[in-house]
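Notes follow once the structure below has been shown.
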Amino acid sequence: MVEPEIEQIGSGQDTRQQSVHPGSRLNDESSSSDEDVRMINQNCSAGQQDHSPPALSYVSYVKSLRLSSDQLKSLQLKEGPNDVVFSVTTQYQGTCRCEGTIYLWNWNDKIVISDIDGTITRSDALGHILPTLGKDWTHQGIAKLYHKVSQNGYKFLYCSARAIGMAHMTRGYLHWVNEKGTVLPKGPLLLCPSSVFSALHREVIEKKPEKFKIQCLTDIRNLFYPNKEPFYAAFGNRSNDVYSYKQVGVPINRIFTVNPKGELIQEHAKTNVSSYVRLSEIVDHVFPLLKREHSSDFPCSDTYSQFTFWRQQLPTMENQDLKVSQD
């Protein structure tokens, strides 16, 4: 029979006795050994974590067609057109370059939208083909009208449902239009990012170019915040164009459509049939002067105009006549 062990704890006269069974010592020793093993394992794991290499920070990039404000500032753009070149270098194809133009406009500029096929050209289908063969298939008087509107301070935006693969040919056609020395004003050219056949099928066969135009023009309108109505007027040739222009906030009284005969119709007064030539004669009434450029034909319009030229001069009066009238 094993007697229980007695331990004295305390100092002086205060003593206490504790009885411990033999099995409890074994349990205490085993538990203490387990705790030691756990402490050793924790120290080892902590040491391994301390010596482990630091986690690498990965930078992920997202494809985007929009530049940030800092990236735009770094380009140091000037007001108006800015020529840029995009270059991509690959291992097998070498370096490919794509030229373009970035236009910097003010937030309060007034923009005139113009379609190309059927609006500048006389028809949609032949407008794609005949200019490439050197045939002048342009409406009479449109270059002169657009030039006068541009001189009054308005910006032009050319929007077409043509495929983006036809950008070089379309831009060349706009530069080629020349009406007795008068050319079309410069402006950004917005085309549909799709293939040539799908764009041709959508515009000529389906006749639904408004799908692309509404999305594109809405995106452009949002760039001019807080100006919610940057579009002042628009020119088209179909009811689909009118619907697109209404959706982006163009006033209906400044939406014009033209037919293959060259008859220009204002949407809010369809019975009033005009033409590009007649509209250019009253351009100052429909498109009031905003600012006159330095390259204007009449830089001093307030002193030299049709009114000052054709008006009858006041009769000259002598000093004696003035004295008699005063008496």
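Some notes on this structure:
- Of the trypsin sites (Lys or Arg not before Pro) found in region 215-280, the ones in coil according to DSSP and having at most 12 other Cβ atoms within 10 Å of their Cβ are LYS228, LYS261.
- Relative protection proxy for 58-68, 159-169, from highest mean packing down: 159-169, 58-68 (other beta-carbon atoms within 10 angstrom).
- Backbone phi angles across region 232-248, fed through the Karplus curve with coefficients 6.51, -1.76 and 1.60 (θ = phi - 60°), yield HN-Hα couplings of 8, 8, 8, 10, x, 9, 9, 5, 5, 5, 4, 4, 5, 5, 5, 5, 9 Hz in residue order; Gly and Pro are listed as x.
- Three-way shape label, region 106-291, alpha-carbon gyration tensor, a/c 1.5: rounded
- Beta bridge orientation in region 106-291: antiparallel %, DSSP, nearest 5: 40 percent
- Each of THR90 and ASP284 was given a label point 7 Å from its Cα along the Cα-to-Cβ line. The distance between the two points is 5.7 nm.
- Segment LEU72-GLU229, extension gain: residue separation times 0.36 nm, minus the distance between their alpha carbons: 54.2 nm
- Over all other residues within a Cβ to Cβ distance under 12 Å of TRP137, the charged ones net out to -1, with Lys and Arg as +1 and Asp and Glu as -1.
- Remark: for residue pairs LYS110/LYS135; LYS78/LYS135; LYS73/LYS186; LYS148/LYS228; LYS73/LYS144; LYS144/LYS208, the C-alpha separation exceeds 31 Å in LYS110/LYS135; LYS78/LYS135; LYS73/LYS144.
- Under a model in which nothing but the beta-carbon of Lys, Arg (+1) and Asp, Glu (-1) is charged, region 106-291 shows a dipole of about 120 debye around its Cα centre.
- Across region 63-70, coupling constants 3J(HN,Hα) worked out from phi with the 6.51/-1.76/1.60 Karplus curve, θ = phi - 60°, read 5, 8, 9, 10, 8, 6, 5, 5 Hz, and Gly and Pro carry x.
- Inter-label distance, THR218 to LYS246: 1.6 nm, where each label sits 7 Å from its Cα along the C-beta direction.
- Tensor-based shape of region 166-249 (alpha-carbon gyration tensor, a/c under 1.5 rounded, otherwise prolate or oblate): oblate
- Taking 7 Å steps out from each Cα toward its Cβ at LYS180 and THR316 produces label points 3.7 nm apart.
Any read-out appearing in this document is the output of simple, stated calculations on the displayed coordinates, not a laboratory observation. Note that the structure is a prediction, hence the values are computed from the model and not measured. Using ideal geometry, Cβ is built from the backbone for each residue, glycine included, and neighbour counts are taken over all protein chains shown.
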